[in-house]
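Colleague: Pasting in a structure now, in structure tokens, and then I'll have a few things to ask.
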Amino acid sequence: MGFFDFIGRIGEGVSKLASTVSNFFSTKVEPFFSGVSSLLGDVQGFGKSLEGAWGTLKELIKNPRDLLNPQKLLAALNPQALLGEFANLRRGVETLLSALGLKSASELPPAAQENLVRAAQASAWQMALERYAA
Amino acid sequence: MSAPPSTEQIEAIKNRMREDPEIQRLAKTLGVTLERFLSDIEQQGESVALHDATTPEEKSRAEEEIHAAAEKGYGAAAERQATLQGRHDRAATAQSARREAEALARAGGVAKKAAPEKLGTGAVVAPEDPRGQQIKAQVTAARLAPRRA
């Protein structure tokens, strides 16, 4: 392999890495949830009605690709809308799956399932901090 | 919580979560084991790393879409609640009217039983008794009604 070939391979590798990194979105969770809450603050009844939360969730997540949209996913499963209850988070995930016509999260493409698990973890941890760390 | 939790606090919180049946069900719904769900939960709770396949256009529309979805979701819920409340009010009015009619019928029965011979000629009732007032009104109406031939 010549020198320029070698440099070219490194260039390809760096480009692939950059693409992978740009496909990965990292955000601080708490400010994000606060941001969503203030964004939705003027929606009448927001955070007070579970029926409203299920309706919002169905509007936001209409196909598996929506699970690869971090803003939509975290907005759908945000603890304030689900009144900070683990049971509501679980029901939220079930509602989301049923909106996609799925019985189990394992039927999702791997990246979508991973996002769903991580978003649920983020939401559950916020709820746990509120509940247990007081 | 303002300060980040210590390692001991994190473990204590995870233990509480581990015992919670709802967390166990949640992990099952997500298709992962409970231990997998709890393993790095504090990291996701601090700074969540998610795959992002949104286009720049979708990103710029996201806030608008989230707001619109919430308005639709909560709007529909409020509308449904108002409809149910309306039904509830109508049902309550009907029930109240039915109860009133039943009370009147019962009161009439009591008056007949107490003084059957006096009906139509003026039954004596206590003026402070509201049921008595109703009976009195009925009796007066009966007196004023034209007699059948």
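The values are calculated or read from the model by the stated rules, or taken from the named source; none is laboratory data. The structure presented is a predicted model; accordingly, all values stated were derived computationally and were not measured. Here Cβ is always computed from backbone atoms with ideal geometry, including for glycine, and neighbour counts include all displayed protein chains.
Colleague: So which residues in the range A:98-127 are farther than 18 Å from A:LYS72 by Cβ, of a type outside the set (S, T, N, Q) and assigned to a helix (DSSP H, G or I), if there are any at all?
Modeller: A:GLU107, A:PRO110, A:ALA124, A:TRP125, A:MET127
Colleague: Using the structure shown, decide if A:PRO79 is touching a residue at least 40 places away in the same chain (Cβ under 8 Å), surrounded by 20 or more Cβ atoms within 10 Å (Cβ to Cβ) and more than 7 Å from every other protein chain (Cβ to nearest Cβ).
Modeller: Criteria met by A:PRO79.
Colleague: Mind counting the residues in the range A:66-92 that are over 18 Å from B:VAL48 (Cα atoms) and assigned to a helix (DSSP H, G or I)?
Modeller: 6
Colleague: Can you confirm whether A:ASN23 is farther than 27 Å from A:ALA128 by Cβ, in contact with an Asp or Glu (Cβ under 8 Å, 6 or more places away or on another chain) and either at pLDDT 85 or above or of a type outside the set (Lys, Arg) (or both)?
Modeller: Taking the combined requirement at face value, the residue satisfies it.
Colleague: Here are the criteria: (1) within 9 Å of another protein chain (Cβ to nearest Cβ); (2) part of a helix (DSSP H, G or I). Tell me which single one A:THR95 does not satisfy.
Modeller: Single failed check for A:THR95: (1).
Colleague: Shifting gears a bit: Quick test for you: out of B:ALA111, B:ALA145, pick the one residue that is surrounded by 11 or more Cβ atoms within 10 Å (Cβ to Cβ), modelled with pLDDT under 85, farther than 30 Å from A:GLU114 by Cα and not polar (S, T, N, Q).
Modeller: B:ALA111
Colleague: Let me ask another. Residue under question is B:GLU57, and the condition is that it be loosely packed, with under 10 Cβ neighbours inside 10 Å and at pLDDT 85 or above; does it hold?
Modeller: Taking the combined requirement at face value, the residue satisfies it.
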